[in-house]
Amino acid sequence: MKELIFSARSLKEIKNISEYITAKWSLRVNLNFLQKLKSNFDLLIINPEIFPPNKQNNLRRCVVSKQTTIFYKIEKNQIVIVSVFDTRQNPNIINKIK
């Protein structure tokens, strides 16, 4: 089984999204979001190759919700979470994720 590693960027993005959800909606909605995110991380640990790599940057994309996407890469014994992208942002930023 591969180890899940989070980049500093991804941790900051999770924190920002979580704070935004709590401020905009409620703690309960945020807890639901975090549980859904955890379920997707668990899925990646079990089957990291479930999502195909992007030809442009070799990152894989896991859609958590309409508003959130996980970008990750598979290394030898690790799954590196590169970004947890909030799709409400400027979509051109996606092309800069490496």
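The values are calculated or read from the model by the stated rules, or taken from the named source; none is laboratory data. These numbers were taken from a predicted model, which means no experiment stands behind them. With ideal geometry, Cβ positions are generated from the backbone for all residues, glycine too; neighbour counts draw on all protein chains shown. In case anyone asks, the SASA skips ligands and DNA or RNA and just uses the protein heavy atoms, side chains included. Shrake-Rupley method; radii C 1.70, N 1.55, O 1.52, S 1.80 Å.
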Looking at (1) touching a Phe, Trp or Tyr at 6+ places or on another chain (Cβ under 7 Å); (2) among the hydroxyl-bearing types (S, T, Y); (3) open to solvent by 50 Å² or more (accessible area, probe 1.4 Å), can you tell me which one T69 breaks? (3)
Output yes when any residue across region 31-41 is at pLDDT 95 or above and more than 20 Å from D86 (Cβ to Cβ), and no when none is. no
Does at least one position in region 78-87 carry a residue that is touching a Ser or Thr at 6+ places or on another chain (Cβ under 7 Å), outside any helix (DSSP H, G or I) and among the aromatic types (F, W, Y)? yes
